[in-house]
Amino acid sequence: MRKYLLLVVLSLVATISFSQESEEQPTLLVRDKPDFKDRLFFGGNVGLSFGSLTYINVAPTIGYKITEKFGMGLGPTYTYYNDRRFVNYRYETHIYGGRTFAQYQALESVLLYSEFEVVNIEVPDLLFTKLIRTNVPSLFVGGGYTQRMGSNSAITLMILYNVMESDYKIYENPILRLGFNFGM
């Protein structure tokens, strides 16, 4: 291993020495790095369901493209939930929290995705006498299909699985999610 390391160091020194001795210095091509704002992308999800079970979800995101294929981001999430399916019981709550995510564009239309989310939700206390607020974490992994819509926007359909066990199960696997991204 030391021989290989010594060989690499010597070849680098020789290359640097040789390039300093040559009369004509090659011009280096400087690639323009994209500005910070050019690496940002925006998107999110919206979910709606009306009837005896009303569900309204808004979850915008902002992300940063670390490379052309890999991006990370974060965003808030808010859900209004009203369940009137049972005669003697009605459950209405506001669920809010935040999430961080990472995504990798494996192929032109295939997206690999992971997300960590923590939401604050009302749940029954141990004696079922009142509702108390608690934080519920979730870890989603999965992927999806991305369809480009123009030069820098896309629509994505993902299948995700919540792999984190919790006392309060607020998601049923698999989770289907439809999202939009702008600035991709």
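The values are calculated or read from the model by the stated rules, or taken from the named source; none is laboratory data. These numbers were taken from a predicted model, which means no experiment stands behind them. Cβ sites come from the backbone with ideal geometry, for glycine too, and all protein chains shown count toward neighbours.
Could you list all residues from the stretch 58-73 that are in contact with a Phe, Trp or Tyr (Cβ under 7 Å, 6 or more places away or on another chain) and either surrounded by fewer than 15 Cβ atoms within 10 Å (Cβ to Cβ) or free of Cβ contacts under 8 Å to residues at least 24 places away in the same chain (or both)?
Matches in the stretch 58-73: Val58, Ile62, Lys69, Phe70, Met72.
Of all residues in the stretch 105-128, count the ones that are surrounded by 15 or more Cβ atoms within 10 Å (Cβ to Cβ) and either under 17 Å from the mean Cα position of the chain (by Cα) or without any contact (Cβ under 8 Å) to a residue 24 or more places away in the chain (or both).
Final tally of qualifying residues: 9.
Looking at Thr61, Thr67, Thr79, which one is outside any strand (DSSP E or B), among the hydroxyl-bearing types (Ser, Thr, Tyr) and at pLDDT 90 or above?
Thr67
Here is a list: Ser166, Ser151. Which entry is outside any strand (DSSP E or B), farther than 21 Å from Ile56 by Cα, of a type in the set (Ser, Thr, Tyr) and out of contact with any strand residue (DSSP E or B) (no Cβ under 6 Å at 6 or more places or on another chain)? Show your work before the answer.
Numbers: Ser166 fails: out of contact with any strand residue (DSSP E or B) (no Cβ under 6 Å at 6 or more places or on another chain).
The conditions single out Ser151.
Gly98 versus (1) more than 19 Å from Leu176 (Cα to Cα); (2) assigned to a strand (DSSP E or B); (3) within 23 Å of the chain's Cα centre (by Cα): which is the lone unmet condition?
The number of the failed condition is (1).
When the stretch 165-178 is examined, which residues are found to be surrounded by fewer than 14 Cβ atoms within 10 Å (Cβ to Cβ) and under 16 Å from the mean Cα position of the chain (by Cα)?
Within the stretch 165-178, Leu176, Leu178 meet the criteria.
Assuming Met164 fulfils every condition listed in (1) touching a Phe, Trp or Tyr at 6+ places or on another chain (Cβ under 8 Å); (2) at pLDDT 90 or above; (3) not β-branched (Val, Ile, Thr) apart from one, which condition is it?
Every condition holds for Met164 apart from (1).
Do we have any residue at all in the stretch 84-95 that's closer than 19 Å to Pro174 by Cβ, in contact with an Asp or Glu (Cβ under 6 Å, 6 or more places away or on another chain), of a type outside the set (Asp, Glu) and not in a loop (DSSP other than H, G, I, E, B)?
Applying the first criterion (closer than 19 Å to Pro174 by Cβ) to the stretch 84-95 yields none.
No, the conditions are met nowhere in the stretch 84-95.
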